Amino acid sequence: MDKDIINVGTHSISINERKNIVVTGVKKIDSFDNEEFLMESVMGIILLKGQDLEIVKLDTHDGRVSIKGTINSMTYDDGKKKDTESFIGKIFK
């Protein structure tokens, strides 16, 4: 899809009973299928995982996306590299 969204303001997420989610502040939807949505928001990359996910409404003017399905997880990635080396690994350098 890779659709740029025009007017992106503040960011919010509303989840109702793990069945419906509304995300505002979405800048772009990078990819999606019935199990995963990858979106770029004003607060970072959002990865939404679930089952039977589908777009109910996409407002490209306001940066608002409504999705229905069973929501299992949602994570943010702000693009900062994380230090993944363990404490033990640092000691024995």
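The values are calculated or read from the model by the stated rules, or taken from the named source; none is laboratory data. Values in this document were obtained by computation on a predicted structure and should not be read as measured data. All Cβ positions, glycine included, derive from the backbone under ideal geometry; neighbour counts span all protein chains shown. Just the protein is used for accessible areas: all its heavy atoms, side chains included, with ligands, DNA and RNA removed. Shrake-Rupley method; radii C 1.70, N 1.55, O 1.52, S 1.80 Å.
Quick notes
- Taking amide H atoms as placed 1.01 Å from N in the peptide plane, the amide H of Asp30 lies under 5 Å from those of Leu38, Met39, Glu40, each 5 or more residues away in sequence or on another chain.
- By accessible area with a 1.4 Å probe, ligands and nucleic acids excluded, highest first: order of Glu17, Glu54, Glu35, Glu40: Glu17, Glu35, Glu54, Glu40
- The range 15-82, Rg to Rh (Cα coordinates; Rh as Kirkwood inverse mean 1/r): 0.95
- Label point distance in nm, Arg18-Leu47, each placed 7 Å from Cα along Cα→Cβ: 2.0
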